[in-house]
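Q: Quick one: the structure is below, and I'll ask about it shortly.
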Amino acid sequence: MSRADESRTAAPVIPPDIPRLSPGVVFEGELASSEDILIQGEFKGTLRLLPQASVYIDRGARVEASVAAGNVYVFGTLIGPARASACVFLSAEAEMKGDISAARLFVQEGARFRGSVQTTAD
């Protein structure tokens, strides 16, 4: 992605009425969902969403997990691998340590990432 394209990559808007793990809540274990989910608290374990669903890791949230979804949007911290059938988005505030496997990857300037990237077919 060129620098010009990077500056035009707008951050996705988090839908207001999706299920969420609220700030201050700590969840450990496995979570599976067919719907979008917003993580605002702390999650440790495995997070599996169907390919049409998205996970949003909000600013201030911390996720230490293996994450699989249609789209993975990181605004906070993700430690662990992310697999997306569509895209992974790392915002300017994001911190990610783990490998990414996705059809598309968007990284805003300022995002911190340590890991490898494997692109897959749409």
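Q: Condition test on VAL107, is it surrounded by 19 or more Cβ atoms within 10 Å (Cβ to Cβ), in contact (Cβ under 8 Å) with a residue 40 or more places away in the chain and of a type outside the set (Asp, Glu)?
A: Working: surrounded by 19 or more Cβ atoms within 10 Å (Cβ to Cβ): yes; in contact (Cβ under 8 Å) with a residue 40 or more places away in the chain: yes; of a type outside the set (Asp, Glu): yes.
Taking the combined requirement at face value, the residue satisfies it.
Q: Still on this model: Name the single residue that is modelled with the lowest pLDDT among those in the range 95-122 being in a loop (DSSP other than H, G, I, E, B) and closer than 20 Å to GLN52 by Cα.
A: ASP122
Q: Right, another one. For the range 81-94, how many residues meet the condition of being outside any strand (DSSP E or B) and surrounded by fewer than 19 Cβ atoms within 10 Å (Cβ to Cβ)?
A: Of the residues in that region, 3 qualify.
Q: Also, I was wondering about something else. Of all residues being crowded, with 23+ Cβ neighbours inside 10 Å and either of a type in the set (Gly, Ala, Ser) or over 20 Å from SER33 (Cα atoms) (or both) in the range 62-74, which is farthest from the chain's Cα centre (by Cα)? Just the residue, please.
A: Filtering the range 62-74 for residues that are crowded, with 23+ Cβ neighbours inside 10 Å and either of a type in the set (Gly, Ala, Ser) or over 20 Å from SER33 (Cα atoms) (or both), the one farthest from the chain's Cα centre (by Cα) comes out as ALA65.
The values are calculated or read from the model by the stated rules, or taken from the named source; none is laboratory data. None of the values given here were measured: they were computed from a predicted structure. Methodologically, a virtual Cβ is constructed for each residue, glycine included, from the backbone with ideal geometry; neighbour enumeration extends over all protein chains shown.
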